[in-house]
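Okay, so here's the structure we're looking at.
The values are calculated or read from the model by the stated rules, or taken from the named source; none is laboratory data. If you're wondering where the values come from, they're calculated on a predicted model, not measured in any experiment. So basically every Cβ, Gly included, is an ideal-geometry build from the backbone, and we count neighbours across all protein chains shown. Remember, those area values only see protein heavy atoms, side chains included, never the ligands or the DNA or RNA. Shrake-Rupley method; radii C 1.70, N 1.55, O 1.52, S 1.80 Å.
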Amino acid sequence: MDKRVAVRIGLVGAGWVTQYHLPAWAKVDGAEVVAICDPDPVALTARADGFGIAGRYSSFEAMLAGEKLDALDIATPRRFHADNVRMGAAAGLPMLCQKPLGVDLAEAEALVADVGNRVPLMVHENWRFRPYYRELRGWLEAGAVGDIVSIRLDFHSSGMIAGADGQRPALVRQPFFRTEQRLLVMEVLIHHLDTLRSLFGEFDLVSARLWRSNDEILGEDSAILGLRRRGDGVPLNVSGNLAVHGAAPAPSDQLWIFGSEGTVHLDGSVLRLFGPRPREVTFDPGVSYQAAYDGAIAHFVSALTRGQGFETSAVDNLETLRLVEAAYSVSGFKPAVTI
């Protein structure tokens with residue numbers, strides 16, 4: 001079917017995460033990824049061939065020079081985000097940039113101040129767009145649990161425990177985990193902190209303990225975070241641990257919300273409400289994973305074309321990064337020097 005392209009997208013990066021970005025873009029009417037760039041020719045060709053992208057470039061600079069684009073989707077490793085965003089801003093292009101905006105809070109704050117209001121900038125923080133979290137938001141807005149007493153979130157797996165073959169599943173799936181000096185909180189729990197902010201409001205971090213379970217990684221793979229909600233002090237306890245014996249290799253969210261009128265339990269992709277008006281909704285895990293990308297990218301295009309603000313704006317994302325930065329500062333965690 002002939003599709004009129006109103007928004008021409010340039011994709012920066014052809015790595016692992018783009019296997020989810022590109023199907024999401026294909027579902028957006030009026031937008032098309034017309035060009036992609038990556039210095040790795042194998043990755044570049046695989047993505048471009050797999051999704052029928054005509055414009056193929058070995059560098060971001062070459063893509064900007066060779067294409068007439070309306071917006072950018074930046075999906076490079078985090079160490080390149082600040083430079084990529086500055087280049088996009090210099091070209092006057094609206095951008096969707098994978099989280100986080102910088103390698104730390106200071107870099108992200110400097111970037112946001114530098115870009116200012118020159119171009120629209122949304123952070124691709126998609127966890128909050130997962131269907132079960134969108135459903136939960138509706139429950140909370142309807143007062144299903146009453147006054148919230150406390151909140152707990154566990155994100156546990158055995159992925160960092162070596163199997164009989166000596167391999168750690170988490171490192172097989174994502175080898176770059178080995179060399180990240182800021183691992184679990186910056187790479188994974190950042191999603192949960194952002195989602196919890198979207199559901200419950202702003203929090204302050206009051207305690208943090210980070211550690212690593214093995215010598216094949218530089219950064220932390222376990223974290224215990226204690227937070228308090230601003231205004232009413234509702235406690236939030238977050239436990240992330242990728243080396244839990246007895247847990248599945250692939251982690252899933254376990255969220256408990258204890259309220260005066262009910263209790264909510266998110267058990268992976270099953271959302272349950274206990275109380276006078278119980279209910280249960282089950283979501284398909286694979287569909288929900290892709291749907292998060294679909295939702296974030298659709299939101300970017302919708303807000304951009306209508307001139308509206310982004311739910312995960314750069315300024316909003318700084319609040320999530322402040323919690324992340326506090327976790328490293330409060331815990332005093334020091335990554336290993338070598339592996």
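Rundown of residues vs (1) free of Cβ contacts under 8 Å to residues at least 24 places away in the same chain; (2) on the phi > 0 side of the Ramachandran plot; (3) buried (at least 23 other Cβ atoms within 10 Å of the Cβ), yes/no style:
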site	(1), (2), (3)
Gly10	no, no, yes
Val17	no, no, no
Pro23	no, no, no
Ala26	no, no, no
Ala35	no, no, yes
Pro39	yes, no, no
Val42	yes, no, no
Ala46	no, no, no
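Of the residues in segment 89-134, how many are among the aliphatic types (A, V, I, L, M) and more than 24 Å from Leu69 (Cα to Cα)?
Our first condition is that a residue be among the aliphatic types (A, V, I, L, M); within segment 89-134, this holds for 89-91, 93, 95-96, 101, 103, 105-106, 108, 110-113, 115, 119, 121-123.
Those still in the list that are more than 24 Å from Leu69 (Cα to Cα) too: 103, 105-106, 108, 110, 113.
Count: 6.
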Enumeration of residues in segment 219-242 that are over 17 Å from Asp194 (Cα atoms), assigned to a loop (DSSP other than H, G, I, E, B) and open to solvent by 20 Å² or more (accessible area, probe 1.4 Å): Gly231, Asp232, Gly233
Restricting to segment 149-159, name every residue that is among the hydrophobic types (A, V, I, L, M, F, W, C) and either buried (at least 19 other Cβ atoms within 10 Å of the Cβ) or more than 24 Å from Leu273 (Cα to Cα) (or both). Ile151, Leu153, Phe155
Need the failing condition index for Val244 against (1) modelled with pLDDT of 95 or more; (2) farther than 21 Å from Arg78 by Cα; (3) under 21 Å from the mean Cα position of the chain (by Cα), just the number. (3)
For segment 280-339, what are the residues that are polar (S, T, N, Q) and in a loop (DSSP other than H, G, I, E, B)? Gln308, Thr312, Thr338
Answer yes or no: is there a residue in segment 125-135 that is of a type in the set (D, E, K, R) and free of Cβ contacts under 8 Å to residues at least 40 places away in the same chain. no
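Taking into account only those residues within segment 48-70 that are part of a loop (DSSP other than H, G, I, E, B) and farther than 20 Å from Met87 by Cα, which is least open to solvent (accessible area, probe 1.4 Å)?
That would be Ile53.
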On the given criteria, is Ala162 open to solvent by 20 Å² or more (accessible area, probe 1.4 Å) and either modelled with pLDDT of 95 or more or under 20 Å from Arg79 (Cα atoms) (or both)? yes
Can you name the condition, by its number, that Glu261 falls short on among (1) under 25 Å from Glu135 (Cα atoms); (2) under 23 Å from the mean Cα position of the chain (by Cα); (3) in contact (Cβ under 8 Å) with a residue 60 or more places away in the chain; (4) outside any strand (DSSP E or B)? (2)
If we scan segment 237-249, do we find a residue that is over 14 Å from Leu189 (Cβ atoms), touching a Lys or Arg at 6+ places or on another chain (Cβ under 8 Å) and of a type in the set (A, V, I, L, M, F, W, C)? no
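Of the residues Val42, Val34, Val28, which is assigned to a loop (DSSP other than H, G, I, E, B), modelled with pLDDT of 95 or more, β-branched (Val, Ile, Thr) and more than 15 Å from Thr76 (Cβ to Cβ)?
One residue alone meets the criteria, Val28.
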Residue tally, condition under 15 Å from the mean Cα position of the chain (by Cα) and either loosely packed, with under 15 Cβ neighbours inside 10 Å or among the acidic types (Asp, Glu) (or both), over segment 175-204: 2
Do we have Asp267 as crowded, with 16+ Cβ neighbours inside 10 Å and either closer than 29 Å to His21 by Cα or in contact with a Cys (Cβ under 7 Å, 6 or more places away or on another chain) (or both) here? no
